[in-house]
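Notes follow the structure.
The values are calculated or read from the model by the stated rules, or taken from the named source; none is laboratory data. As the structure is a computational prediction, the values presented were derived from the model and not from experiment. As a convention, Cβ positions derive from the backbone with ideal geometry for all residues, glycine included, and neighbour counts pool all protein chains shown. Note: accessible area is taken over every heavy atom of the protein model, side chains too, but ligands, DNA and RNA are not part of it. Shrake-Rupley method; radii C 1.70, N 1.55, O 1.52, S 1.80 Å.
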Amino acid sequence: MDYHLHPLGERGILIEFGSQIDPKIQQQVQLVSSFLEKNQPEWMIEYIPAFATITILYRVTAFTYREVCQEVVSLLEHINPASPHQQRVVQIPVCYGGELGPDLDFVATHNQLTVDEVIHKHTSGSYLVYMIGFAPGFPYLGGMSEKIAAPRKQSPRLRIPAGSVGIAGMQTGIYPIETPGGWQLIGRTPVELFQPNREEPCLLKPGDRIHFYSISLQEYHEWGQKHHDFNS
Amino acid sequence: MISILKPGLLTTIQDLGRYGYQKDGVVVGGAMDTYSHRVANILVGNDENAPTIEMTLIGATIQFSRDSLIAITGGNLSPTIDNKRLPMWRPILIRKNQILRFGECIDGCRSYLSLAGGIRIPKVLGSASTYAHAKMGGWHGRPLEAGDQIPLGDLQELSKKIMEEVHSEGNPKWSVPPRIATPFIRVIKGREFQAFTRESQDLLFKSEFQITPASDRMGYRLSGPALLLKDKKEMLSEAVDFGTIQVTSDGKPVILLADRQTTGGYPKIAHVISADLPILAQMKPGDRIRFREVALEEAQALLREQERYFSILKRLIELKFR
């Protein structure tokens, strides 16, 4: 494993695997995350994985920075970079267009496509969850077709409902909670990405693959009753 | 139980924060001034992490439905009972049906009210802290409102002893010292410090910055000279922490605070050291800041010293009310 160590503030140690968005780098971050999740070193407060880095907050009462560096180096020696990697594929139903996706027409016009072509391109992609951040359960996804890219809205909406699926530049994403935001909204999913009362509050994890599929407005509204277990 | 008669400007229930879920994008939150929060709890015999009530600039009016042991720390928002000023930084007995009022802000920005026995609310993801943005934690995931009736928890042995003594001897004449404000806020260099121009690196330590009104529990936006990068640089989002100073594209520094997002994509010029965050948390829009650099080792030593202070204070309270 190739990496560099840096302090982040006075209680963070940042492990840097690279400086690009790259599935191979993501996989290394993922390996270290899984190892930390399983082993939970006593000196660790928590870990925060990102695109190409993983930061560990540590107990300054236990270790100096120099000491924690030694711990991290020996810990990383235990990780086999070639260890097999099980990737989860998560299917996300989306009701495209209409009131739930008010900007679908804009995205189509902007790219000189029909609405159906946009939906087809969005549902045929395979998206890698690089990291979770910005808001609880918000996935940073890679792998969207550049043919459906669209600029952010000039003035952000004050309230974007939870479950909204949007496009901003070359990225697509899902808003897990109601928040303000400037993304072009093309649809909405009835699946709850973040539910604090669930044992695993966050549906998606870094390293997951996402596939979107299209559902009707009626299916969207019936989802809650049919899939109670999935959401609660 | 306590009843909120007037909520004040921004009154929330906070503990020491929600750790362990930043990997899921969940903000840590928690008390802005953890020093005052911890002292307030220690003074009434609570665990340091017990939820307290954080009030901002304009405090609340609160009625007590039972005799209660409380402590008020942090910024001075002129607390009174029956029109008499209430001393801060010591345990105080409040009688059944008395009304605790906070008035104008005399110094600081945030006041902490601890209640012996704590507040009886469920923890969400391991913490009682209010995270209003996601409508979770605290009291129904929101700031307190008039009419809220908040149940209190059961007193631990130490709290009972303190309460008995204050009951028979009267409120103590002693108090513990507040965290004294310093003329400088100490920082350590950030990961992208070297990416700033030489002039901007100097400006960080030589100029005065002012906290703008666009500041809140998420972060303090500062005005002052623009801090510029040598070269425009695209950065990938990565972890940030309480006290991280990011510089936005227009050259303005933002100090990330309790309700910060878990990751950030702006260059980090510096980090405010933990020992000085409580001083920063008591500053308000309009206040001026100067930064001074310390080494990482010194910042960590100061943090350990502060931890030692808390264990000594706890021990002293235990001995005094044994």
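Please compute the contact order of region A:4-77 in relative form: average sequence separation of alpha-carbon pairs under 8 Å and at least six residues apart, divided by the residue count, as a percent.
35 percent
What accessible surface, in Å², does a 1.4 Å probe find on A:Glu67, ignoring ligands, DNA and RNA and rounding to the nearest 10?
The value for A:Glu67 is about 80 Å².
What accessible area per residue, rounded to a whole number of Å², is obtained for the protein assembly as shown using a probe radius of 1.4 Å?
44 Å²
Report Rg(Cα)/(2.2 N^0.38 Å) for chain B, keeping two decimals.
Output field value: 1.03.
Quick one: of B:Lys96/B:Lys173; B:Lys6/B:Lys161; B:Lys135/B:Lys161, which pairs are farther than 29 Å apart, Cα to Cα?
As for pairs spanning more than 29 Å Cα to Cα, those are B:Lys6/B:Lys161; B:Lys135/B:Lys161.
Under 5 Å between amide hydrogens, which residues at least 5 positions from B:Gly75 or on another chain qualify, with H placed 1.01 Å from N in the peptide plane?
B:Cys109, B:Arg110, B:Ser111, B:Tyr112
What residue among A:Pro190, A:Leu141, A:Gly101 has its Cα farthest toward the positive end of the dipole of region A:89-231, where the charges are +1 on Lys, Arg and -1 on Asp, Glu, each on the Cβ?
A:Leu141
What is the interface area between chains A and B, defined as buried accessible area summed over both chains with a 1.4 Å probe, reported in Å² to the nearest 100?
The A and B chains share an interface burying roughly 3400 Å².
Kindly provide the pair-distance distribution of the protein assembly as shown built from C-alpha pairs, with 20 Å bins from 0 and whole-percent values in order of increasing distance.
For the protein assembly as shown, the binned pair fractions read 20, 50, 27, 2, 0 percent.
Let me know the volume per residue of the alpha-carbon convex hull for region A:89-231, in Å³.
Cα convex hull per residue, to the nearest whole number: 100 Å³.
Using amide H atoms built 1.01 Å from N in the peptide plane, name the residues 5+ places from B:Ala270, or on other chains, whose amide H lies under 5 Å from its own.
For B:Ala270, whose amide H was placed from the backbone, the distant partners under 5 Å are B:Gly190, B:Ile245.
Taking amide H positions as placed 1.01 Å from N in the peptide plane, with prolines and chain starts having none, which residues 5 or more places from B:Val26, or on another chain, fall under 5 Å of its amide H?
A:Gly137
Over all alpha-carbon pairs of region B:67-219, lay out the pair-distance distribution in 10 Å bins, whole %, shortest bin first.
Calculated P(r), rounded to whole percents: 8, 26, 30, 21, 11, 4, 0.
Counting only protein chains, not ligands or nucleic acids, how are B:Lys161, B:Lys206 ordered by accessible area (probe 1.4 Å), most first?
Ranked from most to least accessible, the order is B:Lys206, B:Lys161.
Are there any trypsin sites (Lys or Arg not before Pro) in region B:67-141 that are in a DSSP loop and have at most 16 other Cβ atoms within 10 Å? List them by number.
B:Arg95, B:Lys96, B:Arg120, B:Lys123, B:Lys135
When the Karplus curve 6.51 cos²θ - 1.76 cosθ + 1.60 is applied with θ = phi - 60°, which whole-Hz ³J(HN,Hα) does each residue of region B:202-207 get, with x for Gly and Pro?
Calculated HN-Hα couplings, in order: 5, 4, 4, 9, 9, 9 Hz.
What is the percent carbon and sulfur in the accessible area of region B:185-302, measuring with a 1.4 Å probe over the protein chains and ignoring ligands?
Its accessible area is 50 percent carbon and sulfur atoms.
Residue-wise, which Karplus ³J(HN,Hα) couplings in Hz belong to region B:36-41, taking 6.51 cos²θ - 1.76 cosθ + 1.60, θ = phi - 60°, and x for glycine or proline?
5, 4, 5, 4, 4, 5
Where Rh is the Kirkwood radius over the Cα pairs of region B:1-133, the temperature 10 °C and the viscosity 1.306 mPa s, what D in µm²/s does Stokes-Einstein return?
Answer from the Stokes-Einstein relation: 108 µm²/s.
Across every pair of different alpha-carbon atoms, what Kirkwood hydrodynamic radius in Å does region B:185-302 reach?
14.1 Å
What translational diffusion coefficient, to the nearest whole µm²/s, does region A:174-232 have by Stokes-Einstein, given a Kirkwood radius computed over alpha-carbon pairs, a temperature of 25 °C and 0.890 mPa s viscosity?
Estimated diffusion coefficient is 186 µm²/s.
From zero outward in steps of 5 Å, how is the percent of C-alpha pairs of region A:4-77 spread across the bins?
Binned Cα distances yield the sequence 3, 17, 30, 26, 16, 6, 1, 0.
Of A:Asp105, A:Asp208, A:Asp22, which is the most mobile in a GNM of chain A whose springs link Cα atoms less than 10 angstrom apart?
The residue with the greatest mean-square fluctuation here is A:Asp22.
Taking the DSSP beta bridges in region A:89-231 as the whole, what percent of them are antiparallel, to the nearest 5?
If I count the DSSP bridges inside region A:89-231, around 75 percent turn out antiparallel.
Just flag the GluC sites (Glu not before Pro) in region A:178-232 sitting in loop per DSSP whose Cβ has no more than 15 other Cβ atoms within 10 Å.
Sparse-neighbourhood loop GluC sites (Glu not before Pro): A:Glu199.
Nearest-5 percent of antiparallel DSSP beta bridges in chain B?
95 percent
Convert each backbone phi in region A:133-138 into a coupling constant with the Karplus relation 6.51 cos²θ - 1.76 cosθ + 1.60 (shift: θ = phi - 60°), then list the ³J(HN,Hα) values in order as whole Hz, x for Gly and Pro.
x, 6, 8, x, x, 7
If you keep only loop residues by DSSP, which trypsin sites (Lys or Arg not before Pro) in region A:141-185 have at most 15 other Cβ atoms within 10 Å of their Cβ?
Of the trypsin sites (Lys or Arg not before Pro), the ones in loops of region A:141-185 whose Cβ has at most 15 other Cβ atoms within 10 Å are A:Arg152.
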